[in-house]
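Have a look at the structure below, then the notes.
The values are calculated or read from the model by the stated rules, or taken from the named source; none is laboratory data. Just so you know, these numbers come straight off a predicted model, no measurement behind them. FYI the Cβ positions are ideal-geometry reconstructions off the backbone, even for glycines, and counts take in every protein chain you see.
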Amino acid sequence: MFNARSKSKRPLQRAQASRRPTAFYAGVGSSGSHPFTRNEENARLFKYEQQVKQAFSRIEATLRRVSALQHEEGFEKKAQDIATADLGFALPESMLADSWIKPLDIGSLYAWSVFETIKRMSDEFFIDKPLRSADEADFQCFLEECGFHTMDISPCADGRLAHVIRYVLRLPYKAVRRKSYAGAMFDVDDSLQKWVETEMLRHREGRPNSADAQTRYLKVAVYHYSSKLPKQEGCAAHGSDTLRAAEAALERLKAFKQGVENSFCCGASIDLLLLGIDTDNDSIKLHLPDARGEIDVHHPISALELYDATRGAMGTDCETSVMRFMTDRCAAQGASLPNEGMMRLAVRLLCANLSQIDYVRTYHDGCYSDLGHQERFIGMGIGFEEIQLRNLTYFAYLKTVEEGAKDLDVGIKIFSALNVSRGIPIPVVIRYDYHGNVPGAKTRAVERCQRLDEALRQRFGDLAERGLLHTLLMVRDCQMYGRAETVACSLKTDRQEAH
Ligand SMILES: [Zn+2]
């Protein structure tokens, strides 16, 4: 919880953070894995991924069974028995009624089941905190020791990057800002606004640290590519051209930095970092800034190469080995080293990624079977902290449909191939997180959801009319750290109109 970083706890946390590094990565290896891999954490993360993914996967198989029974005697009871046993919840009675005279609307049952599964997953995430990380409290201290007060990450909106925070980089999801955009083409003005807000909080409240501390805002952009099918399964927003994706993300980073420097005097600036992810195996490429802050798109540090180079590094700690590897690599490329804090952060990210490389090797045979899109729903609006899994959600972060039209169109195109082509509707969760301590914020959040819903239906009227677009509207008070609340749903669940 953000509030947990109170000033009174700071000295203790800082001391713990200083002591931590060596022991933190000491979960050294079971058979076959890299000596620095945290196998227990991998097992825990995989259990959660399996549980959630399987819950979504069971929906189609279950509805196929239900569909096959629709003209049988006692259909409704049989259908509910199957749904309860396989999915863990009953289906709406109204959707099963009258099946002797009219065909079952399997599309609606599908969308309703997806929404029910999302609600359950979301509730579990906020109540049981299955992805909570042990080092959550220490991370902010570590970040500040590295010279940063905020880490703001913009990955591509592609669902194959949705796990970048908690899985690929093993970061505590509450301690970093994530905002995804198609092609990692983040909104510079939105980032600028966030920068101003962050600096204001530092001045007014000393959060996350006081304004006189010599720390900077760190912006990270994450592009992606596919090593197996580079021309087909790379970033759709950049025509699967890896170099173009990297260059475009870097341009956006530079524009943000320029924006801060031009808008605010007194040496205001930010730090930048560019990351690439191979979505087939989750290995990262790190484009470190050099001593002058310049980033080179052509010569990244490869976590896969690091993995191989440090495979036999028994008896040394992860940080030392990785630091040596990075220093050697920068020297070989004739690049100057970034400052010490950036190096420490880079070491942490690379060490973490070693575990993720083994995660994919152990549980997915070294390469995901779903190289391409397999998302289950579109998440549209602002929020979605609970979505930390790969290939589950396509994100369209937006305040209005007009401003996020490009991201939304990419999402609808992906789902037209995944779902509509098979007659299955596109489930869209429209979500707006709000700050509950601001008067009227919840009402405005609900109204924004409703406006997004209307605009979505207008833009994709044909799909909506054919019953191939369904929406679930949710809001969440992000300050209370409670559950998300359902506001409305496009599906009729009884004999009356739903909303
Ligand atoms: Zn992309």
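Here is a yes/no grid of residues against (1) modelled with pLDDT under 95; (2) among the small types (Gly, Ala, Ser):
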residue	(1), (2)
ILE426	no, no
VAL429	no, no
ASN437	yes, no
GLY440	no, yes
ARG444	no, no
CYS449	no, no
ASP453	no, no
ASP462	no, no
HIS470	no, no
Helices (runs of 4 or more DSSP H) fully within region 83-150 counting 2 or more residues that are of a type outside the set (Phe, Trp, Tyr) and in contact with a Gly (Cβ under 8 Å, 6 or more places away or on another chain): 106-128
Cross-chain or 6+ apart pairs with Cβ under 8 Å, region 377-401 first and at pLDDT 90 or above, then of a type in the set (S, T, N, Q) and assigned to a loop (DSSP other than H, G, I, E, B): ASN391/GLN374
Candidates ARG244, ARG292, ARG324, ARG252 - the one that is touching a residue at least 60 places away in the same chain (Cβ under 8 Å) and either of a type outside the set (Val, Ile, Thr) or under 24 Å from ILE165 (Cα atoms) (or both): ARG252
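Just need a number here: residues in region 112-152 that are of a type in the set (A, V, I, L, M) and out of contact with any helix residue (DSSP H, G or I) (no Cβ under 7 Å at 6 or more places or on another chain).
Residues flagged as of a type in the set (A, V, I, L, M) and out of contact with any helix residue (DSSP H, G or I) (no Cβ under 7 Å at 6 or more places or on another chain) within region 112-152 amount to 4.
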Residue in region 255-270 that is among the aromatic types (Phe, Trp, Tyr) and surrounded by fewer than 20 Cβ atoms within 10 Å (Cβ to Cβ) present: yes
Answer residue from region 230-257, given it is at pLDDT 95 or above and among the aliphatic types (A, V, I, L, M) and is farthest from the ligand (Cβ to nearest atom) among those: ALA255
Any hit, region 203-221, residues being touching a strand residue (DSSP E or B) at 6+ places or on another chain (Cβ under 8 Å), touching a residue at least 24 places away in the same chain (Cβ under 8 Å) and within 16 Å of the ligand (Cβ to nearest atom): yes
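Does PHE139 satisfy the criteria of being crowded, with 19+ Cβ neighbours inside 10 Å, outside the structural domain of GLU386 (by TED's automatic domain parsing), aromatic (Phe, Trp, Tyr) and away from the ligand (no atom under 16 Å from the Cβ)?
It is true that PHE139 is crowded, with 19+ Cβ neighbours inside 10 Å, outside the structural domain of GLU386 (by TED's automatic domain parsing), aromatic (Phe, Trp, Tyr) and away from the ligand (no atom under 16 Å from the Cβ).
So which residues in region 166-190 are part of a helix (DSSP H, G or I) and within 16 Å of the ligand (Cβ to nearest atom), if there are any at all?
If the condition is that a residue be part of a helix (DSSP H, G or I) and within 16 Å of the ligand (Cβ to nearest atom), then VAL168, ALA182, GLY183, ALA184 are the ones that fit.
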Set ALA303, ALA268, ALA346, ALA352: member being farther than 21 Å from MET185 by Cα, over 24 Å from the mean Cα position of the chain (by Cα) and not aromatic (Phe, Trp, Tyr): ALA268
Residue selected from region 341-373 under the condition in a loop (DSSP other than H, G, I, E, B) and among the acidic types (Asp, Glu), by the criterion farthest from GLU233 (Cα to Cα): ASP365
Subset of region 180-216 (residues that are closer than 24 Å to TYR397 by Cα and basic (Lys, Arg)): LYS194
Count of region 150-164 residues which are more than 16 Å from the ligand (Cβ to nearest atom) and either under 13 Å from THR393 (Cα atoms) or not acidic (Asp, Glu) (or both): 2
